[in-house]
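Each reported figure results from applying straightforward, stated rules to the coordinates on display, with no laboratory input. Being a predicted model, the structure only gives us computed values, none of them experimental. Methodologically, a virtual Cβ is constructed for each residue, glycine included, from the backbone with ideal geometry; neighbour enumeration extends over all protein chains shown.
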Amino acid sequence: MIKAAFFDIDCTLYSWANRRYVESGVKAIKAAQKKGLKVFLCTSRPYHSMYHFGVMDLGIHWDGWVACAGGVSCIKNKIIYEEPLDEKTVRSFVKLAQKEGLMMQLVTPKSRYYTAEKNEYYQKFAETFEEPDAPVHPYHGKRVSTMLLFAPESYDEEFKQAFPQLSFFRFHEYGIEVTDQPKSKGRGAKAILDALGISKDEAIGFGDDYADITMKDGVGTFVAMGNAREEVKKEANFITADIDDDGIAKGLAHFGY
């Protein structure tokens, strides 16, 4: 019996091809929740980003969420798990970025902000990823879950040499995520399941991209969308239909919902 389900957002719940949340998926999640399934978001987006992306306005009463690719977990409105960066390290990293004239995004458990005004590198990044706007202000020592540096690959070596203790994940030509350790959506999901007394075998996760493979660290069944990358499909326990071919609805139906 599946008791909990975790859903990625981009290209899993939200179709970028049609720029909309797929109605059949939303209805299926609502129906499954009425039957007792606990439903959670599980995204690489920070909370501020997913909130302003409309996923909280779908009429689904989410039981919680995993944000920052596993760096923060929340049940209802209570944060129950997080992996914050060291304050001194963040200050030093921001200082080096400023020295190089680079813009950064700092993500806290429930907010995000930029350390400088938008520049050409950010504009290139924004051509691919549409992000809700966020304020610009200096780092003041509040907990930071992840950092995002807007810069081309030519800067990577300098920052990696200066901060060998950090984990760097370049996911865009002008965007590199920086954390204290490689993030795992599964680790974030496990924290939620442990808090609720739900076993790994009673949980399922839906995703499409590389970061979603890490859901397998926390859930017993990983479902790849039909539109998922081939590498992701190879790691899946089950492959459902394409997002725009009712993939979420068909996947939930396959597992009894």
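Values for this structure:
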{"item": "Calculated [θ] (222 nm, deg cm²/dmol) that DSSP helices of n ≥ 4 give over the chain, each run adding -39,500 (n - 2.57)", "result": "-8000 deg cm²/dmol"}
{"item": "Antiparallel bridge percentage (DSSP; both residues within the chain; nearest 5)", "result": "60"}
{"item": "Mean Cβ neighbour count within 10 Å, used as a protection proxy, ranking 137-143, 240-246, 40-46, 207-213 highest first", "result": "40-46, 207-213, 240-246, 137-143"}
{"item": "Mean-position separation - Cα centroids, segment 64-116 and segment 197-249, in angstrom", "result": "26"}
{"item": "Stokes-Einstein D in µm²/s, Kirkwood radius over Cα pairs - the chain at 25 °C with 0.890 mPa s viscosity", "result": "132"}
{"item": "Ratio of Rg to Rh over segment 87-179 (Cα coordinates, Kirkwood Rh, two decimals)", "result": "0.92"}
{"item": "Cleavage-rule hits (trypsin sites (Lys or Arg not before Pro)) in segment 82-129: DSSP loop, at most 14 neighbouring Cβ within 10 angstrom", "result": "K118"}
{"item": "Size of segment 136-257 as Cα extents on the principal axes (Å, biggest first)", "result": "50, 33, 27"}
